[in-house]
Amino acid sequence: MHLHNPTMLASGVHGSSLEKVIQALRVGAGAAVTKSIGLEPREGYPEPTLVDVEGGLVNAAGLPNPGAEEFAERLAQINGKGLPIFVSVFGGDEKEFERVVRILDGNDFAAYELNLSCPHVSGVGTEVGHLPEEVSRVTRVVKTATDKPVFAKLSPNTERLVEVARAAVDAGADGLTAINTVRSFPIDVEKAGPALSNGFGGLSGAAIRPIALRCVYELREQFDVPIVGCGGAATWEDAVQFFLAGANMVQFGTSTIKKFDRFNDVNLGIISYLERKGFAKLEDLVGKAHA
Ligand SMILES: Cc1cc2nc3c(=O)[nH]c(=O)nc-3n(C[C@H](O)[C@H](O)[C@H](O)COP(=O)(O)O)c2cc1C
């Protein structure tokens with residue numbers, strides 16, 4: 001897969017409309033990931049589903065999405081020929097993942113990202129993605145259901161990060177995305193209770209960047225596959241941190257809520273950093289923080 005630049009829009013932050021995905025590509029992202037799509041339509045959780053915290057956001061949206069059939073129609077409607085769109089998919093087990101992929105696969109998009117890492121919906125996400133055996137089954141089945149590249153999106157909420165990644169890579173994953181949100185439980189003092197309707201949520205934004213960098217670093221120690229860094233990136237400096245830790249591409253999520261149109265600035269910053277430091281190409285930077 002050839003992308004024009006190493007910046008991407010992260011999954012889900014702007015809901016399940018494809019407009020934002022296409023808009024991200026228009027304003028300079030090298031690729032863009034859709035909201036995670038499951039087999040059946042889901043409404044998600046009641047409000048409040050999002051709270052501001054220092055250094056980021058905690059969300060528990062509950063994976064609202066139109067379901068695979070409806071989303072397949074939307075994909076068919078856009079003129080997606082050749083567009084670098086990654087479709088994020090989730091399921092409760094390998095059979096569900098396979099059905100979702102078979103419904104979506106006829107459409108024109110670049111790759112899949114397997115959401116093995118949502119920390120706040122029971123039965124899916126981390127409940128699948130923290131178990132190497134499940135991850136292995138899901139990845140294997142998805143790889144047989146499609147010829148498109150498959151990226152496994154990993155959770156930071158487990159000590160078994162490398163084990164889970166190995167299960168995905170051994171089962172044929174073409175790349176790894178790290179990380180999804182960090183499991184949290186924000187409290188509202190005035191309500192004297194949980195701030196989110198679901199109680200538990202996922203922390204995103206600047207606060208989690210060092211955690212994401214640690215995960216990318218640990219993965220790059222073990223694997224040669226492409227790694228997509230994700231978590232708290234907003235600027236070119238943040239992107240460079242991810243490259244140094246071992247990422248080949250960097251996703252931007254929460255930071256695009258405040259300023260969507262940031263990809264060109266990031267790309268220009270990366271280019272002038274490469275020039276200033278005398279690196280001939282981006283690959284020369286990838287993994288440089290490793291001894
Ligand atoms: C409101 C919101 C919705 C999200 N929805 C999804 C989703 O559907 N699928 C997914 O894999 N990640 C989802 N994420 C996680 C992001 O894609 C990303 O992994 C995480 O927010 C960390 O990156 P960031 O700090 O740049 O936002 C969501 C995050 C937010 C804030």
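Annotations
- For the chain, the square roots of the Cα gyration tensor eigenvalues, ordered a ≥ b ≥ c, give a/c below 1.5, which places it in the rounded category.
- Cβ crowding within 10 Å averaged over residues, with 258-265, 147-154, 234-241 ranked highest first: 147-154, 234-241, 258-265
- Label point 7 Å beyond Cα of residue 146 along Cβ direction - residues of segment 24-55 with amide nitrogen under 17 Å: 31-40
- Value of relative contact order over the chain, rounded to a whole percent, pairs C-alpha under 8 Å and six or more apart: 18 percent
- 11 Å cut-off, amide nitrogen to a point 7 angstrom out along residue 78 Cα→Cβ, residues in segment 105-135: 108-110
- Gyration tensor (alpha-carbon) shape descriptor, segment 103-144, a/c threshold 1.5: oblate
- According to the Cα-based calculation, Rg over Rh for segment 194-258 is 1.05, with Rh computed by the Kirkwood formula.
- Distance in nm between pseudo-label sites at residue 291 and residue 4 (7 Å out along the Cβ direction from Cα): 4.2 nm
- Share antiparallel - DSSP beta bridges, the chain, percent rounded to 5: 35 percent
Any read-out appearing in this document is the output of simple, stated calculations on the displayed coordinates, not a laboratory observation. Since the structure is predicted, the reported quantities are computational estimates derived from the model, not experimental observations. Cβ atoms come from the backbone with ideal geometry, glycine included; neighbour counts cover every protein chain shown.
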